[in-house]
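Encoded as structure tokens, the structure appears first; notes follow it.
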Amino acid sequence: MTTDTRQQKQFLTFQLAGEAYGVDILKVQEIRGWEPVRVIPNTPYFVKGVLNLRGAVVPIVDLRERFGLESAEYSQKTVVIVLSVKHSAGHFVIGVVADAVSDVLDIDLDDIKKTPNFGTQIDTRYMQGMHVYKQSMIMLLDVDKLLNSDEVESIDGLF
């Protein structure tokens, strides 16, 4: 009798500019369809505004803009993935805009490839690793790094 000691983690996968991304399912609080947000002045360019989610004011981050990708019109497939992230002052809830949600995958931790070093040309600080799935590459995000401390403080200070 052999025991399988492989550890797995579940990831919610989604599409962004034709590429597949994934986030740890334990960080996901909910998935919502796109709805207009309340624009707040003096926020970082990638913060689209805020939503009221059951009494909590949640900043909404456009991942296309955060990652320097081409912007796109929001459609009926556009979703907001509400995430619980950690930063130096504790937990913070943000919503991230994605083109569409794809699937929930069980991924063996041993199958997660290290993020390649692209030098200074490509910013990989948001990436936890990569996973090959059905001939495509899924970029696994470290959601705790989507906002740096200064950005968290500037957004948190508005509310």
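Quick notes on this one:
- Cut-off 11 Å between beta-carbons: net charge of the residues surrounding S84, Lys and Arg +1, Asp and Glu -1: -1
- Cα shape, the stretch 24-91, gyration tensor, a/c 1.5 rule: rounded
- Cα centroid separation, the stretch 2-78 to the stretch 84-105: 6 Å.
- Averaging over all projection directions, the Cα-based convex hull of the stretch 8-151 occupies 9.4 nm² in the image plane.
- Based on Cα contacts under 8 Å between residues 6+ apart, the stretch 63-106 shows a relative contact order of 37 percent.
- Share of carbon and sulfur in the accessible heavy-atom surface of the stretch 8-151 [1.4 Å probe, %]: 49 percent
The values are calculated or read from the model by the stated rules, or taken from the named source; none is laboratory data. What you are looking at is a predicted structure, and each value in this text was computed from that prediction instead of being measured. Here Cβ is always computed from backbone atoms with ideal geometry, including for glycine, and neighbour counts include all displayed protein chains. Accessible surface areas use protein heavy atoms only, side chains included; no ligands, DNA or RNA. Shrake-Rupley method; radii C 1.70, N 1.55, O 1.52, S 1.80 Å.
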